[in-house]
Every structure is written in C-alpha cells, then in structure tokens.
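**Student:** I have a structure here, written as structure tokens, and I will follow up with some questions on it.
The values are calculated or read from the model by the stated rules, or taken from the named source; none is laboratory data. Only a predicted model underlies this, so the values are computations on that prediction, with no experimental measurement involved. Here the Cβ is made from the backbone with ideal geometry for all residues, glycine too, and neighbour counts use every protein chain on show. Please note that ligands, DNA and RNA were not included when accessible areas were found on the heavy atoms of the full protein model with its side chains. Shrake-Rupley method; radii C 1.70, N 1.55, O 1.52, S 1.80 Å.
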Amino acid sequence: MMRRTARPGRARPLLTAAAVATAGTLLGGLVLAASAQAATNLALGRTTAVSSTETATLGGAQAVDGSTSTRWASAEGSDPQWIRVDLGSVQQIGQVTLRWEAAYGKAYRIEVSPDAATWTTIYSTTTGNGAVDDLTGLSGSGRYIRMYGTARGTAYGYSLFEFEVYPPGGTPSPSTSPPPPGGPAVPFGSHTKPYAAGTLKLTGAVATHDQTVINYYNTWKSAFVKQNCGNGWYEVFSPDADHPYVAEAQGYGMVITALMAGADPNAKTQFDGLLKYVLAHPSVNNPNLHAAEQNTSCTSVNGSDSATDGDLEIAYALLLADKQWGSTGTYNYKSLATTRINAIKASEINATTKLTLLGDWSSAGDQYYYISRTSDWMPGHFRAYRKATGDTAWDTILAKHQSVTASLQSGYAPSTGLLPDFVVNTNTTPKPAAGQVLEDPNDGKYWWNACRDPWRIGADAVTSGDAQSLAAARKMNTWIKSKTGGNPSNIAVGYALNGTAISSGSEAAFFAPFAVAAMTDPGSQAWLDALWTKIKATPLDTSGYYSASLQLQTMIVVSGNFWTP
C-alpha cells in the first residue's frame, strides 16, 4: 500500500515584482561572522553599477551596505548579469565573499579592472551552489571589481545580500560558525526535556530504547537521505510519493535531524544541506514557502507551489535548530523560522476559518478553499510558533483547530475518536469529505493522511499537558486498544470513522502513531509496551519512505526524546 500525495495541478501564476521582492527576506537573517566584520571590507559603502535591477529598491548599493536585510537583485530570467564596485583606487584583492539570496549564480566570474573597460578574471566557477561563497586565495588588483554571472542557479535572476572584498592577509575565515561548546544544546538521549506529569514511559532501560531509535535512524538515513543533485544540498528521497522529492519529506528530514543531533555527529551539516535545498526551491506564490514537489533532477514541478504540511515542519525544524546550535552561523535559523511562520499565516491559513489550507495555491473562490487536511492540524507546532513570534493569532488558530477536532470526534466518530483525511465545509459546519475531494475515494475516512493524527495530537498532549489534546488522544487510544484486543498486529490499514476496517494487513504508518496516543493513558502501560515491541520488530522497508519516517518519528517521541523549542 502506497500513500498518495497527489495535489491538483496548478498553472504557474505570474509572479509579481512585489512578490519577488518579498523573497529578500528568505535569507534576511544571515549573520555576518565576527571575523568578517572585523576585517577590512574594501567594498563597503562604495559606488556600484549593475547590469539591471529587478525593482528600484533592489539596487547595487544594497549589496555593499553591510546589511543582510537588504539586497541587489537583477532582472529575472536572463543571462548575463553583473554588479560592479568602484573601490576608489587600485587595491590588491585576496578574498571575495558573496552572500547570495535564494537567487544565486551557478556560473559566474570575479573580474578586476583598472578602468572598468579591460577586465581580468581572478576566479570563475560553473558549479556555484548559493548560500555563502568564500573565495579565498585570490590574486589580482584593480580599482574596479565585478561579479559577472553567466548562468543562473534558479529561474529568477541574480541576487546578493552582500558583495564583500578583502585584501590579502588577515582576511576573514569561512562564515560557518562552529557549534556551541559541548555540541548541541539538547543532545539525543539526554532526556533533559521531561514530558507532562502522568505521561507513560516505556518499561525497560532508557539507554536500550535510545539505542533502538539510533539504530533505526541510521538505517532510515542510509535509505532516504541523499545528495543526488549536488549544490551542497541534502535531500530526503521519497520513492513511494508522486515525486522523488516532496516538501513533507524535507520537513520530516529537518525535524528528525535536529532531534538526532548528538547521536549523529553530522547532524548540523546534514540539516544545513537540507535547508539549503529548501531555500533553493521556493514556491512561486510565496517565496518564503517551499515548492512542494521536485523531479529526479531536483527541479520543481507540478506548479511549483506549496504544501502546508511541509512548511509547518520546516518552520518547526528551524526553531529546533535555533535551540540546538544557535543562529550565529551560516544561517540565522530563528530569523528564517519567523519569516516562514509569518508566510504560513499569510498564505496557508484560511483567513476566514483560521484552519489550514492545503497549500498556498488555494485561494478564495476556488473549490478547495474551504477544505482542510486533519494531518496538518499540529497543535504543538502552533504553540511553538506563538512562543517564537509572540503573535497571538496563533492562539486563535490553535483554539479553532482544537474545537473542530472535538466537534468532529463527537459528531462523526463518537465511539472511535478517529478523524478523516479531509474536512469540507470549513466555513459553515465542518464535516468529513463525502468521497474523493483531493486524493482518494477514502478522503473522508481515517486513511493515509489522518493516520498521523494520534501522533500529532498525542505529541502535543505529552509535551504540553493540554487537556483538549489529552482528551482527543485518549479517545482514539481507548477505542483502538479495545478494537484490537490489545494486539497491535490487529491494527488495520485504515478505518471508516465508525471503526470498520478498510484494508487488512499491517503498516507502520497506522500502528506506530497509536503508541504516542497510548502514552496519554495511565491505564495503557501494557498496551504501550506491546506497541513498542511491534515497532521494534518491524524492519525498515527501503521502498516506503512514508511509513518508515512516521515510524521513526513516533519512536523518537515514545522513547522520551521529543521536545518543543
């Protein structure tokens, strides 16, 4: 059984200049390394000239003002493009640092000239990969220096937050900051973030359970974390999805990687590589969100618009990264998180209902605008966004999702507590979909999306102790424990909301999330331990990224290693 992730096709809308200008906040939180600030930046505040600008506010001077909240951006869609700096007099050049916005140069040259007419190349590349390019060991001199781009790395133009130039000797070191002393702030297995009082723990040795998770993570990483497309990117490969790279997978990968720091010595490098991939694939509708699907060449396809679940995970992962490693390295995780959280609220939350939209492609007046997917209802994420931003709108959003959850459970699943994959009529009386509305004839049943709900709601319950999440999780737990006679192998692959099984068999995507719900019930110790035994005995299927990823994330929670930023 393969979980379907299809979304209706969407023609790429014309991206307005204002929308593209918003992309300037994508890396707007990048912090210059202290060593770079201390060195002499020969380009700082100097006169510039450019081949073109995207808008009047994105001129060349914005790339030499010492600020990473401003940028130069060329006109979109054409090569070559260039930016030139007049250093005021002939200078010896030892290093150039280019701080790219998401629109980076894949092929470009650094050239110097005495007169802005005759140019000498001191550096060239055809494999640029964006973020920060520290070009060291250069040798050349000139009054003028330019970046001459011949091939864009994205469909947009060229865009630089800063074009820095340094003399030989005493030049700044590469901009990536080392991790905090002692490693990540919350290393896996430290158990420094206790769950709410009354939460069940697994029977047995904690260290043994931790090692079980680490072993499964290493297998998962080997199977699905790839570097297939160069550019310094890491990607989570999804062989069972509609496309090999989907937003949900990248979000899962980022969250998992941040939580496994300490057990995985490469976690920060892997996280930054996943983040770099995400930033290189912005949605065409809101460039602070992630394009939902890429093909085998890592090129965005199927409209290049967003999927809400992926962005929710990415934003949460950035908050985790800020707590784990701080935000003074190559990426300001906190600033990027805040930017994405605000973008989610603007483009993936229905302004009327306060429920999640399916993606930024759904807008007022279309047939999907009042449809929501229950697996996107992540109460713990909404709490984290409220804490990080101070925006009280997230209180309203959380309350609405919880109230509709309670209404659906009481009105449509009073005996099971199960939620449907998709909810319709969210602007009037929300109810389960009747047949296929987006993905599958079972869209109104507990199927391949809603199977995540016991994990989502349960994780919030055990970390926050929230009464509404506890009640919702316990309702599902009580029913499934009784339905199966306490035998996890009897958990079917999908259910109607009245508890009738859809398909026989056993899938980790369906049985593993119930282990998180079991943690909320003091009377379910034997049931929790039985679920853990079932999980441990289930090997990873390398053809099924989805079930494997859900299994791993529930293992992290059940073993006591999940935490909120």
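**Student:** Take S89 and T136, extend 7 Å from each Cα along the Cα→Cβ direction, and tell me the distance between the two endpoints in nm.
**Tutor:** That separation, rounded to one decimal, is 2.9 nm.
**Student:** Grab the other residues whose beta carbon is less than 10 angstrom from that of A515, score K and R as +1, D and E as -1, and report the net.
**Tutor:** That works out to 0.
**Student:** Let me ask something additional. Among the Cys residues of the chain, which have no other cysteine Cβ under 4.7 angstrom away?
**Tutor:** So far as the 4.7 Å Cβ criterion goes, C451 stand without a partner in the chain.
**Student:** Counting alpha carbon pairs within less than 8 Å and at least 6 residues apart, what relative contact order, in whole percent, applies to the stretch 168-298?
**Tutor:** Computed value for the stretch 168-298: 25 percent relative contact order.
**Student:** Also: Based on a Kirkwood Rh over C-alpha pairs, give the Stokes-Einstein translational diffusion coefficient of the chain at 10 °C and viscosity 1.306 mPa s in µm²/s.
**Tutor:** Diffusion coefficient, whole number: 65 µm²/s.
**Student:** Along the charge dipole of the chain, which of T121, G326, V85 sits closest to the positive end, that is, farthest toward it, with unit charges on the beta carbon of Lys, Arg, Asp and Glu (+1, +1, -1, -1)?
**Tutor:** So the residue furthest toward the plus end is G326.
**Student:** Could I ask something else about it? Past the 19 angstrom mark, what percentage of all C-alpha to C-alpha distances in the stretch 465-565 do you count?
**Tutor:** That fraction is 41 percent.
**Student:** Rounded to the nearest 500 deg cm²/dmol, what is the calculated helix-only ellipticity per residue at 222 nm for the chain, with -39500 (n - 2.57) per DSSP H run of length n ≥ 4?
**Tutor:** -10000 deg cm²/dmol
**Student:** Right, something else. If one puts a single equal scatterer on every Cα of the stretch 30-137 and applies the Debye formula without solvent, what log₁₀ I(q)/I(0) results at q = 0.09, 0.16, 0.23 Å⁻¹?
**Tutor:** At q = 0.09, 0.16, 0.23 Å⁻¹ the computed log10 ratios are -0.22, -0.77, -1.85.
**Student:** Something else about it: With the crude spin-label approximation of a point 7 Å out along Cα→Cβ, what separation in nm comes out for S504 versus T57?
**Tutor:** Here the answer is 6.3 nm between the modelled labels.
**Student:** Could you please state, rounded to a whole Å, how far the C-alpha centre of the stretch 398-464 is from the C-alpha centre of the stretch 283-332?
**Tutor:** What the calculation gives is 25 Å, centre to centre.
**Student:** Could the peptides 497-510, 199-212, 241-254 be put in order, highest first, of the mean number of other beta-carbon atoms found within 10 Å of their residues?
**Tutor:** Result, highest mean Cβ count within 10 Å first: 241-254, 497-510, 199-212.
**Student:** Rounded, prolate or oblate: which fits the stretch 489-530, taking a ≥ b ≥ c as square roots of the Cα gyration tensor eigenvalues, rounded meaning a/c under 1.5, else prolate when a/b beats b/c?
**Tutor:** Since a/c reaches 1.5 and a/b is larger than b/c, the shape of the stretch 489-530 is classed as prolate.
**Student:** Sticking with this one: Going by a ≥ b ≥ c, the root eigenvalues of the Cα gyration tensor, does the stretch 381-473 fall in the rounded group (a/c under 1.5), the prolate group (a/b larger than b/c) or the oblate group?
**Tutor:** It is prolate, given that a/c is not under 1.5 and a/b is the larger ratio.
**Student:** Also, quick follow-up: Of the listed pairs K431/K483; K276/K345; K334/K481; K334/K354; K387/K431, which have alpha-carbon separations greater than 29 Å here?
**Tutor:** From the list (K431/K483; K276/K345; K334/K481; K334/K354; K387/K431), the Cα-Cα distance tops 29 Å for K334/K481; K387/K431.
**Student:** Still on this structure, please answer the following. First check a/c for the stretch 263-402, with a ≥ b ≥ c the square roots of the eigenvalues of its C-alpha gyration tensor; if it is under 1.5, answer rounded, and if not, answer prolate when a/b is larger than b/c or oblate otherwise.
**Tutor:** oblate
**Student:** Across the stretch 230-238, in residue order, what do the Karplus-derived ³J(HN,Hα) couplings come to in whole Hz, using 6.51 cos²θ - 1.76 cosθ + 1.60 with θ = phi - 60° and x for Gly and Pro?
**Tutor:** Listing the rounded values in order: x, 6, x, 7, 10, 9, 8, 7, 10 Hz.
**Student:** So what is the relative contact order of the stretch 474-565, in percent, for Cα pairs below 8 Å that sit 6 or more residues apart?
**Tutor:** 27
**Student:** Follow-up question, since we're still on this one. Residues with beta-carbon under 12 Å from that of V462, excluding V462: net charge, scoring Lys, Arg +1 and Asp, Glu -1?
**Tutor:** Spelling it out: positives minus negatives among the neighbours equals +1.
**Student:** Size of the dipole of the chain about the Cα centre, Lys and Arg at +1 and Asp and Glu at -1 on the beta carbon, nothing else charged, in debye to 20?
**Tutor:** With Lys and Arg at +1 and Asp and Glu at -1, about 800 debye.
**Student:** Could you grab the Rg to Rh ratio for the stretch 509-565? Cα atoms only, Kirkwood for Rh.
**Tutor:** 0.98
**Student:** Quick check for me: using +1 on Lys/Arg Cβ and -1 on Asp/Glu Cβ, what's the dipole size of the stretch 91-135 about its Cα centre, in debye to the nearest 20?
**Tutor:** Dipole about the Cα centre, nearest 20: 100 debye.
**Student:** At what distance in angstrom do the alpha carbon centres of the stretch 95-147 and the stretch 188-252 lie from each other?
**Tutor:** Value for the Cα centre distance between the two parts: 39 Å.
**Student:** Below 13 angstrom from the Cβ of I480, what's the summed charge of the other residues (Lys, Arg +1; Asp, Glu -1)?
**Tutor:** Spelling it out: positives minus negatives among the neighbours equals +3.
**Student:** If you don't mind, there's one more thing I want to ask. With the other protein chains left in place, how much accessible area per residue, in square angstrom, belongs to the chain at a 1.4 angstrom probe?
**Tutor:** 34
**Student:** Using only the alpha carbon atoms of the stretch 333-422, find the Kirkwood hydrodynamic radius as the inverse mean reciprocal pair distance, in angstroms to one decimal.
**Tutor:** Taking the inverse mean of 1/r over all distinct Cα pairs, the stretch 333-422 comes out at 13.9 Å.
**Student:** Oh, and also: Given 10 °C and 1.306 mPa s, compute D for the stretch 226-335 with the Stokes-Einstein relation, Rh being the Kirkwood radius over Cα pairs; round to the nearest whole µm²/s.
**Tutor:** Here the translational diffusion coefficient equals 116 µm²/s.
**Student:** Moving on to the next point. Report the Stokes-Einstein translational diffusion coefficient (µm² s⁻¹, integer) for the stretch 331-370, Rh taken as the Kirkwood radius over Cα pairs, at 37 °C with viscosity 0.692 mPa s.
**Tutor:** 302
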